[in-house]
Amino acid sequence: MNPQYVGRFAPSPTGPLHAGSLVAALASFLDARAYGGRWLVRIEDVDEARAVAGADRAILDLLGKLQMHWDGEVVWQSQRKALYQQAFDQLADSTYPCGCNRREIADSQLGLAPDGSAIYPGTCRYGLGPGKTARSLRVRVPDAPYDVIDFEDRMAGHVAQRLASESGDFVLKRADGFWAYQLAVVVDDALQGVTDVVRGADLIDSTPRQIFLQRLLGVPTPRYLHVPVVCNAEGEKLSKQTGAAAIEVRDDAGALAVLNETARLLRLPMEAQASLDAFWRAALPAWARLASVARADG
Ligand code: GLU
């Protein structure tokens, strides 16, 4: 086992996996295997309001049927709240309570961050306004020109974001009391020793915020690879909201069909295969070619 590589798949159990999430799963699994590293699975149920009972088990069961076997124990974010609190406490000097609601933030008309969230105008940065009570907790981002975060994505190349104008001070603890994804993902990637994040490009705009938090917390920044998002015939990102079908697998033939289709969506340079063994034998070198893996064990 290559001790220099720890990858992970981190599904949110908001429903069964669909083709889009499986593409991310397959890419991160193949990358970990191509590097001879470990591959962890983390259930991101930090947003307990959106978690669907039983979806976590269904996801793990499906990964098993597809022969995507993870290393070590699966962790659930809903059981790790004390760790998020500890990290938050470490950031005390950079955080502040915010009393603004969605409408007030939208009214400021700074527009939307690339991920669709409204950019926060900093209203409560220097104290809660009169008559306001704390709803969420935010982290202060640097003002321009010191707010640029950039990184080299292994697939997308150079990515840069101005946090002040493209995100604004962002939420670490939400008004409903749940820890925000951005904090939980950074804490978990660090505590689990993740060296390589391979996930869908829908999260690429979150990466600069995550790198910013890593620097504040003094933890290493992993390498990143964002795979292109899978779209439906209408050009919409496949997701539960756009009606992506749940993947169901009954037997090995079903598993093979799903894997061949996922490889096609991921644009792996390989033919459809006739058995699960043949699939995995072909997929590993195909991924190594697609992602320019320097040292493939396949
Ligand atoms: N839980 C996130 C999702 O399912 C993925 C988070 C990540 O890979 O960083 O979209």
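The values are calculated or read from the model by the stated rules, or taken from the named source; none is laboratory data. Since this is a predicted model, take the numbers as computed values, not measurements. Note that each Cβ is placed from the backbone with ideal geometry, even for glycine, and that neighbours are counted across all protein chains shown. For accessibility, only protein heavy atoms count, side chains too; no ligands or nucleic acids. Shrake-Rupley method; radii C 1.70, N 1.55, O 1.52, S 1.80 Å.
Compare the Cα positions of G116, A87, A106 along the charge dipole of the stretch 69-138 (+1 at Cβ of Lys, Arg; -1 at Cβ of Asp, Glu; about the Cα centre) and return the one farthest towards the positive end.
The residue sitting farthest along the positive end of the dipole is A106.
What cysteines in the chain have no other cysteine with a beta carbon less than 4.7 Å from their beta carbon?
C100, C231
Run through every distinct alpha carbon pair of the chain and return the Kirkwood hydrodynamic radius in angstroms, one decimal place.
20.3
Lysine pairs in the chain 8 or more apart or on different chains: how many have alpha carbons under 26 angstrom apart? The partial results should precede the final answer.
Details: K65/K237; K65/K240; K81/K173; K132/K173; K173/K240.
Qualifying lysine pairs in the chain: 5.
Quote to one decimal, in nm, the extra length available between D176 and R289 on full extension: 0.36 nm per residue of separation minus the C-alpha distance between them.
Working it through step by step, the gained length comes to 36.2 nm.
Which value, in Å², gives the accessible area per residue of the chain when a 1.4 Å probe is used on the protein heavy atoms? Intermediate results must be reported in sequence, preceding the final value.
On the way: 14030 Å² over 298 residues.
On a per-residue basis, the chain sits at 47 Å².
With each pseudo-label sitting 7 Å past Cα toward Cβ, what's the S117-A160 distance in nm, one decimal?
2.4
Probe radius 1.4 Å, ligands and nucleic acids ignored: give me the carbon and sulfur share of the accessible area of the stretch 211-262 as a rounded percent.
Using a 1.4 Å probe with all protein chains present, the stretch 211-262 comes out at 52 percent carbon and sulfur.
Per the Kirkwood treatment, what hydrodynamic radius in Å, one decimal, follows for the stretch 1-109 from the mean inverse distance over all distinct Cα pairs?
16.3
Which residues does a label at D150 reach in the stretch 262-294, if reach means a backbone N under 20 Å from a point 7 Å past the Cα toward the Cβ?
Those under the cut-off are none; the list is empty.
Listed highest first by mean packing, meaning other Cβ atoms within 10 Å per residue, what order do 240-251, 24-35 come in?
24-35, 240-251
Which of the peptides 96-106, 267-277 is most tightly packed, and how do the rest follow, judged by the mean count of other Cβ atoms within 10 Å per residue? Intermediate results must be reported in sequence, preceding the final value.
Numbers: 96-106: 16.5, 267-277: 14.4.
Packing proxy ranking, top to bottom: 96-106, 267-277.
Using a 1.4 Å probe and ignoring any ligands, DNA or RNA, find the accessible area of L40 and quote it in Å² to the nearest 10.
10
In nm, give the distance between the simple-model label positions of A278 and D251, each being 7 Å from the Cα along the Cα-to-Cβ direction.
The modelled label-to-label distance comes out at 1.8 nm.
Taking the highest mean first, how do the peptides 123-130, 226-233 order by number of other beta carbon atoms within 10 angstrom per residue?
Values: 123-130: 13.1, 226-233: 16.8.
Order by mean packing, descending: 226-233, 123-130.
Treating only the Cβ atoms of Lys and Arg (+1) and Asp and Glu (-1) as charged, compute the dipole magnitude of the stretch 103-220 about its Cα centre; round to the nearest 20 debye.
The dipole magnitude comes to about 520 debye.
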